[in-house]
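Data block below; observations after.
The values are calculated or read from the model by the stated rules, or taken from the named source; none is laboratory data. The shown structure was predicted, so the numbers you read here are calculated from the model rather than taken from an experiment. FYI the Cβ positions are ideal-geometry reconstructions off the backbone, even for glycines, and counts take in every protein chain you see.
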Amino acid sequence: MRVARGSVFDVAVDIRTSSPNFGHWVGAELSEENQRQLWIPAGFAHGFLVLSELVDFLYKTTDYYAPEFERSILWNDPDIGIAWPVSDMPLLSAKDRQGVLLSQAEVFE
């Protein structure tokens with residue numbers, strides 16, 4: 001993941017039940033200024049928060065997009081406890097508004 005214009009707070013959550021880090025998250029600000037990138041391996045959920053007025057967010061995937069396999073974990077699941085850099089309720093996509101708790105989500109072994 002990388003940002004060509006603007007900035008985002010990018011998050012990955014380990015959803016591999018066999019991992020000692022199951023349910024743990026990492027987050028980083030990615031921006032055109034810091035030119036940081038985040039690699040998210042298989043078995044991790046991915047989410048991001050746009051921090052700028054506009055953003056061009058680029059990412060490479062290991063396969064073609066298949067919306068029938070897309071899932072959504074609730075952005076503010078208290079068991080995960082992501083420290084999103086927001087003070088107000090963020091604007092969510094329809095898919096993200098229907099997210100489920102990690103305890104109810106489809107996960108990896």
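For the reader, a short list of remarks on this structure follows.
- Residue that is of a type outside the set (Gly, Ala, Ser), modelled with pLDDT of 95 or more and touching a Ser or Thr at 6+ places or on another chain (Cβ under 9 Å), where the choices are ARG5, ARG36, ARG16: ARG5
- Scan of the stretch 55-96 for residues that are surrounded by 11 or more Cβ atoms within 10 Å (Cβ to Cβ), of a type in the set (D, E, K, R) and within 23 Å of ASN21 (Cα to Cα), ordered by number: ARG71, ASP77
- Scope the stretch 51-71; condition touching a strand residue (DSSP E or B) at 6+ places or on another chain (Cβ under 7 Å) and either part of a loop (DSSP other than H, G, I, E, B) or over 25 Å from TRP84 (Cα atoms) (or both); matching residues: LEU51, SER52, LEU54, VAL55
- Taken as a whole, the structure leaves TRP25 outside the set of residues that are over 18 Å from ALA4 (Cα atoms), modelled with pLDDT of 95 or more, surrounded by 14 or more Cβ atoms within 10 Å (Cβ to Cβ) and in contact with a Pro (Cβ under 8 Å, 6 or more places away or on another chain).
- Boolean, GLY99 is touching a residue at least 24 places away in the same chain (Cβ under 8 Å), on the phi > 0 side of the Ramachandran plot and surrounded by 11 or more Cβ atoms within 10 Å (Cβ to Cβ): no
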